[in-house]
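Student: First the structure, which I've put down as structure tokens, then a few questions once you've had a look.
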Amino acid sequence: KKQGIPVPNLMLDEIRSLYPDEYKVGLWALKLIYKYTEVKLGIGEAAYIAIHLINATEGKDVESTKILVFSRYIIRIIEECLGADIPHDAPQYSRLMIHLKFLGRKILDQIETKEETLIDYKTFTETSPVLQTCLDKIGEFIESRYQYHLNDDELLYLTIHLNRILKI
């Protein structure tokens, strides 16, 4: 709180999805703080505690934050394309967030992988112009912001996750 006004944690949903174990520790810490001080902290504080744990254990303070920001941008692009919010409690959302975590790490570290896909992702997007538009926007964003070109394997995996999101 700042001057009695609650300050929301804008990354709460992403932290809860990408780092569920650390978030649970944050919730436990809130209970412990309340038990010993009778100070009740907002649920967003559990996410802040989780970030501190992540940074301490991964040793990459900046990278975990960059992955959260990356994931948040991609989610915004997807929601904009779909014209609706993705329910953050849906299992499809959690799976997408986990995929984005690993994709984000790969992009931030500029790790290019050899394509091995036998299936062309475009076979899935031919029947869904929304899906193709969404993939195009995601690809353009990643290229302009991170100077990284998504290969067909990465596009295929994004297509699979987006297909699942469309079915919610």
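Student: How about the stretch 48-57: which of its residues are modelled with pLDDT under 85 and of a type in the set (Val, Ile, Thr)?
Tutor: Ile51, Ile54, Thr57
Student: Determine whether Thr159 is touching a Ser or Thr at 6+ places or on another chain (Cβ under 8 Å) and farther than 21 Å from Leu108 by Cβ.
Tutor: yes
Student: Hey, another quick one. Could you grab the pairs with beta carbons closer than 6 Å, sequence gap of 6+ or different chains, first residue in the stretch 142-168 and closer than 21 Å to Ile86 by Cα, second one exposed (fewer than 14 other Cβ atoms within 10 Å of the Cβ) and not aliphatic (A, V, I, L, M)?
Tutor: Cβ pairs passing all conditions: Leu156/Thr117.
Student: Tell me the residue from Thr123, Thr127, Thr113 that is among the β-branched types (Val, Ile, Thr), part of a helix (DSSP H, G or I) and farther than 22 Å from Ile15 by Cα, please.
Tutor: Within the list Thr123, Thr127, Thr113, the selection yields Thr123.
Student: So Glu45 ticks every box in (1) at pLDDT below 80; (2) of a type in the set (Asp, Glu); (3) surrounded by 14 or more Cβ atoms within 10 Å (Cβ to Cβ) but one. Which box is left unticked?
Tutor: Result: Glu45 fails condition (1) only.
Student: Another question, then. Taking the stretch 140-168 as the search range and keeping residues that are in a loop (DSSP other than H, G, I, E, B) and polar (S, T, N, Q), which one is modelled with the lowest pLDDT?
Tutor: Filtering first and then ranking leaves Asn151.
Student: Quick check on His99: is it surrounded by 14 or more Cβ atoms within 10 Å (Cβ to Cβ) and either of a type in the set (Lys, Arg) or in contact with a His (Cβ under 7 Å, 6 or more places away or on another chain) (or both)?
Tutor: Answer is yes for this residue.
Student: In the stretch 122-139, which residue that is of a type outside the set (S, T, N, Q) and either at pLDDT below 80 or more than 19 Å from Leu96 (Cβ to Cβ) (or both) is surrounded by the most Cβ atoms within 10 Å (Cβ to Cβ)?
Tutor: Among them, the one singled out is Phe124.
Student: Scan the stretch 74-91 and tell me whether some residue there is closer than 29 Å to Leu30 by Cα, modelled with pLDDT under 85 and exposed (fewer than 12 other Cβ atoms within 10 Å of the Cβ).
Tutor: Within the stretch 74-91 (the criterion being closer than 29 Å to Leu30 by Cα, modelled with pLDDT under 85 and exposed (fewer than 12 other Cβ atoms within 10 Å of the Cβ)), the answer is no, since none of the residues qualifies.
Student: I'm trying to understand the selection: among the residues of the stretch 140-168, which are open to solvent by less than 80 Å² (accessible area, probe 1.4 Å) and among the charged types (D, E, K, R)?
Tutor: Asp152, Asp153, Glu154
The values are calculated or read from the model by the stated rules, or taken from the named source; none is laboratory data. Note that the structure is a prediction, hence the values are computed from the model and not measured. Cβ sites come from the backbone with ideal geometry, for glycine too, and all protein chains shown count toward neighbours. SASA here: full protein model, heavy atoms, side chains in, ligands and nucleic acids out. Shrake-Rupley method; radii C 1.70, N 1.55, O 1.52, S 1.80 Å.
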